[in-house]
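Everything on this sheet refers to the single structure shown next.
The values are calculated or read from the model by the stated rules, or taken from the named source; none is laboratory data. This one's a predicted model, so the numbers in the text were calculated from it and none came from an experiment. Cβ coordinates were reconstructed from backbone atoms using ideal geometry, including for glycine residues, and neighbour counts include every protein chain displayed. All accessible areas refer to the heavy atoms of the entire protein, side chains included, with ligands and DNA or RNA removed. Shrake-Rupley method; radii C 1.70, N 1.55, O 1.52, S 1.80 Å.
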Amino acid sequence: MNYDYLKNKKILLVDDEEGLRQMVLSILKKDGYEQVKSAGTVKEALELSKMWQPEFAILDVMLPDGDGFCLFEQMRSFLDIPVLFLTARGEEDDRIRGFGLGADDYVVKPFLPRELLFRIQAILRRTYKEDNPLLELAFSRVDFERAEVIRQGEHIPLTAKEYAILQTLGRNAGRIVTIDSLCEAAWGDNPYGYENTLMAHIRRIREKIEENPSKPVSLITVKGLGYKLIPSTTKIHS
Amino acid sequence: MISIMRLIKRFVITLILSLLILLVLNIVLIVTVLQNDRESMGGWGTASQLAETLNAGPDGKYELPEEGRRMLEQGNTWAVLVQDGTGDVIWHSENLPEEIQLHYSAAEISWYTRGYIEDYPTTTAAMGENLIIVGNPKERYWKELYPTWNLDMIKNLPRTILIFFGANLAIVFLIYFIVVSGILRSMKPIVQGIQALPGGGDMYVKEKGLLSDLAAALNQVSEMLRCQEYELKKKEQARADWISGVSHDIRTPLSMVMGYAADIEEDAKESEEIRQKAGIIRMQSVRMKNLVNDLNLASKLEYQVQPVKSEEMNLMTLLRETAVYFMNLDIEGKYPVELAVDRMQISEGSFYGDKELLKRAVHNLLLNAQIHNPAGCQIRMELSEYPELFCITIEDDGIGVTDEQLEKLRNTPHYMLSSGTASEQRHGLGLLIVQQIIAAHGGRVEFGQGVKRGFRVDIFLNKSGKSIKVEGDN
């Protein structure tokens, strides 16, 4: 699956530590993100946001002239973009505050570049999915805009539940998703008791996307834990 | 106050016992003394013996043999024999005092039998129809002149004695209570104060009355305890804050070490050797990261700065989430986790606890398997339910542990393990954290060997959230 369309999203990086800023910039550049700008203070970040209109922001919490949470709230007043907090503050309260404000993710330093990249990509994919609603699989392709599977030229419609399940799996393509998350995506806040129903839906999805539903290659079971959707290009970072 | 009641009870028992012992002792003493006196039967014996010894001669004259005479001399007594009918003295001992009359009327005989002749206490005995009167020395006996007792009184004697005894006892108790209640009243606040001491010494006793100096000392102790506790808390807080600060400040530089190391490791342009070295730096910095996280949490749990929340959660979901989080980070797939359940059920394992902390504990155990098995290993997790508790088992088929290591793990505070030689694999705080988190939930952790060599950890969590009492548990 090709995620190149995400690579030209405008990313704003705010951190007061020059060295760390340089490192994250180089990581992002190396991964193919072309438009990344950085700021070291709240003031700089707000000016840059207004002028440049970024599409995604990575914010530190502790900044010399204020904190990232306040910056986030101010940015929200004129800009509706996904935000990831990247901070040394790992306290539960901070985390909850960040998510409470509407942050998309919260990464505590120190972090592995790969993990950060994956999280950024997941957020971007989720936010800008309409830009590329096609998910390529080994034997088929999922069109999320039309809610259908295209296999060998044939258009097979997806039910609402199948759509919700496939969407959750697709957003986390290449990673295991727990059955709890899948049930929650399909049946809401109280997903207990739907395990067997979920299995039935998975079987029906396989009938639509796999060549041989009893020997799945795209939607595989991880015993006891959940399911994993394998995109046709297994290397996600390409 | 319970101890005061116990004190009173013990005192009463001692008192009753002492009184009983005294009573018995006194009775024995009285009986012994009386017994001694009874041997001579108060002079009545002498009279009877004399009656047997005195002989009437053939001529009607009475004669006292030698032994009778000696008996009278030894006792310093005199005797007369009064004839029946006439009241005349028909015989008398040689030492008869002059003032003793030689004729007795019936009234006199009756009086002298009960009482005295000229202040000589007398005893009598019958000799045929006649009467022997023995006069004892004046200072030897005291005679009761009216020796009659009401029979009813004698019959009621046991009861009367009991009533006497009871009344005495009651009066002794009354005196005791009056004396003691005063002491108790002044002791009560002090006893309460001492009982409050183990609870942290937060108390004050009024410094007045009988034991005011004791109260003052107690207040001083309480004040000292409070101060010490405050100091200790301050110190602990400072330590936790310090560790928290250090672990915070180290995060940003460590990010750069980790980031650049990973960058070089994945850089195809670098030589294989450089990339390998970068890989080692990356791996070690990940260890440092885990250590920093663990250190922070360990100190918080140790000093109880971290509150343990109680929210409803599903243990099965928790295990799945943790396993999946771990597996998704394990890009090479060297550490597959299998969750052993018959069915994919998520409606089981409802538990109240701190979800984030428990996740951390399980994740630490998974990381532990990863750190100790660089070549990779299979990890198996299992959730079993018992009537009272849940058991989470995490087992790997890796290099495992020796019995010796196991012994160390079970018996030594975890951070002590790093005191070994440099060649020994040093441990982080991972397992200590697990123990702390589980202990905070009232559960316990057991380490052991896996079925297939490997390392096995069993976590027992009580469903009610109360601590599990097991022998040897601390």
Legend entry - Most mobile of A:226, A:100, A:174 in a GNM of chain A (Cα contacts under 10 Å): A:100
Inset, instruction - Quick one: among A:38, A:181, A:218, which has the greatest mean-square fluctuation in a GNM of chain A with alpha-carbon springs under 10 angstrom? - result: A:181
Inset, instruction - Select from the stretch B:122-230 those GluC sites (Glu not before Pro) which occupy a DSSP coil region and have at most 13 other Cβ atoms within 10 Å, ordered by residue number. - result: B:129, B:139, B:144
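Extension gain residue B:110-residue B:66, at 0.36 nm per residue separation less the Cα-Cα distance, in nm?
12.8 nm
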Legend entry - Separation between Cα centres of the stretch B:62-84 and the stretch B:138-217, rounded to whole Å: 58 Å
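Work through the residues other than residue A:33 whose Cβ is under 10 Å from its Cβ and net out their charges, Lys, Arg +1 and Asp, Glu -1. If you can, show how the numbers build up before the last one.
On the way: positive: A:7, A:9, A:10, A:29, A:30; negative: A:31, A:34.
Summing Lys and Arg as +1 and Asp and Glu as -1 gives +3.
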Inset, instruction - Could I have the simple spin-label model distance between residue A:139 and residue B:138, label points 7 Å from Cα toward Cβ, reported in nm to one decimal? - result: 14.7 nm
Inset, instruction - Can you pull the one-decimal nm distance between simple spin-label points at residue A:92 and residue B:52, each 7 Å off the Cα toward Cβ? - result: 10.6 nm
Inset, instruction - Output the relative contact order of chain A, whole-number percent, from Cα pairs under 8 angstrom with separation of 6+ residues. - result: 16 percent
Inset, instruction - Might you work out the accessible area of residue B:265 for me, using a 1.4 Å probe with all protein chains in place, and round it to the nearest 10 Å²? - result: 50 Å²
Inset, instruction - Rounded to the nearest 10 degrees, what's the angle between the helix A:18-30 long axis and the longest principal axis of chain A, both from Cα atoms, 0 to 90? - result: 30 degrees
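Excluding ligands, DNA and RNA, what is the accessible area buried between chains B and A, summed over both sides, using a 1.4 Å probe, to the nearest 100 Å²?
Adding both sides of the contact gives about 3600 Å².
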Inset, instruction - Measure nothing but the geometry: give the 0 to 90° angle between the long axis through the Cα atoms of A:195-209 and the longest principal axis through the Cα atoms of chain A, rounded to 10°. - result: 80 degrees
Inset, instruction - Between beta-carbons, use under 14 Å as the cut-off and find the net charge around residue B:234, counting Lys and Arg +1, Asp and Glu -1. - result: 0
Legend entry - R0 of 25 Å, Cβ-Cβ distance residue B:17-residue B:210: FRET efficiency to nearest 0.05: 0.30
Legend entry - Relative contact order computed over chain B (Cα-Cα under 8 Å; 6+ residues apart), in percent: 8 percent
Inset, instruction - In nm, give the distance between the simple-model label positions of residue B:446 and residue B:406, each being 7 Å from the Cα along the Cα-to-Cβ direction. - result: 1.1 nm
Inset, instruction - Could you pull out which residues in the stretch B:433-447 have an amide N less than 20 Å from a spot 7 Å beyond the Cα of residue B:463, following the Cα-Cβ vector? - result: B:441-445
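For chain B, just say rounded, prolate or oblate: build the C-alpha gyration tensor, square-root its eigenvalues into a ≥ b ≥ c, call rounded for a/c under 1.5, and beyond that prolate if a/b exceeds b/c, oblate if not.
Prolate.
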Legend entry - Accessible surface of the protein assembly as shown, 1.4 Å probe, proportion on carbon and sulfur as whole %: 55 percent
Legend entry - Gap separating the Cα centres of the stretch A:44-103 and the stretch B:382-400, nearest whole Å: 41 Å
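Counting only complete DSSP H runs, which helices of chain B cover 27 Å or more along their long axis at the Cα atoms and score a mean Kyte-Doolittle of 1.0 or above?
For chain B, where a helix must reach 27 Å along its axis and average at least 1.0, the hits are B:2-38, B:157-196.
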Inset, instruction - At 1.4 Å probe size, with no ligands or nucleic acids counted, give the accessible surface of residue A:194 in Å², nearest ten. - result: 80 Å²
Legend entry - residue B:384 accessible area, 1.4 Å probe, all protein chains in place, Å² to nearest 10: 20 Å²
Legend entry - Size of charge dipole - the protein assembly as shown - debye, nearest 20, with Cβ of Lys, Arg +1 and Asp, Glu -1, no other charges: 2940 debye
Legend entry - Cα gyration tensor, the stretch A:4-130 - rounded (a/c under 1.5), prolate or oblate: rounded
Legend entry - Farthest positive-ward along chain A dipole, Cα basis, beta-carbon charges - from A:121, A:77, A:232: A:232
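Starting from the residue with the highest accessible area, list A:34, A:91 in decreasing order, probe 1.4 Å.
These residues rank, largest area first, as A:34, A:91.
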Inset, instruction - Taking chain A as the reference, fit the longest principal axis to its C-alpha atoms, fit the long axis of helix A:160-171 to the helix C-alpha atoms, and give the angle between the two in degrees, 0 to 90, nearest 10. - result: 50 degrees
Inset, instruction - Classify the stretch A:133-229 as rounded, prolate or oblate, taking a ≥ b ≥ c as the square roots of the eigenvalues of its Cα gyration tensor: rounded when a/c is under 1.5, otherwise prolate if a/b is larger than b/c and oblate if not. - result: prolate
Inset, instruction - Considering only A:172, A:196, A:212, give the residue with the highest GNM mean-square fluctuation for chain A, with springs between Cα atoms whenever their separation is below 10 Å. - result: A:196
Inset, instruction - Leaving ligands, DNA and RNA out of it, rank A:109, B:463 by accessible area with a 1.4 Å probe, largest first. - result: B:463, A:109
